[in-house]
Amino acid sequence: MGYAVLKSAAPFTLHIRCENCLRDSFKVVEMPVGDDVPRDADELIESVFLEKIPFRCRPCDSVIGRLVGISGGGDPYAY
Ligand SMILES: [Zn+2]
C-alpha cells in the first residue's frame, strides 16, 4: 500500500503529560494534505496545528496537558 503514503503526510504521535495527575498519554494526529502541513516534528511545533488539538486526560478529566515529546512524521524529536 505504498501509494497511500504519497497521499497524506505521516501521522505524528504526541506525547502529552497531564499537568494534574502527571500521567503520560499519547495522541496520534493525522495530518491533512496541503502545502503548509508540517512534515516533521520541528515544523509541527511551529505550526498552528498543535493549538487546535484538544487534550483531555481520561483518568482525571483535566484539559491541561504539557507536550513532552513528538514522534512520527520526520525524525523522532523530544525535548
Ligand atoms: Zn490527569
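The values are calculated or read from the model by the stated rules, or taken from the named source; none is laboratory data. All of these numbers come straight from a predicted model, not from anything done at the bench. Cβ placement follows ideal geometry from the backbone for every residue including glycine, while neighbour counts extend to all protein chains displayed. Quick note on the areas: whole protein, heavy atoms, side chains included, nothing else; ligands and nucleic acids left out. Shrake-Rupley method; radii C 1.70, N 1.55, O 1.52, S 1.80 Å.
Here is how the numbers come out for the structure above:
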read-out	value
Cut-off under 5 Å, modelled amide H: who pairs with D40 long-range	G74
K27-V63 pseudo-label distance in nm [points 7 Å out on the Cα-to-Cβ vector]	1.2 nm
Extension reserve of the A10-K52 stretch, reckoned as 0.36 nm per residue once the Cα distance is removed	13.3 nm
Of C57, S47, L67, farthest towards positive along the dipole that unit charges on Lys, Arg, Asp, Glu beta carbons give the stretch 25-73	C57
The stretch 7-76 - accessible surface per residue (Å², probe 1.4 Å)	68 Å²
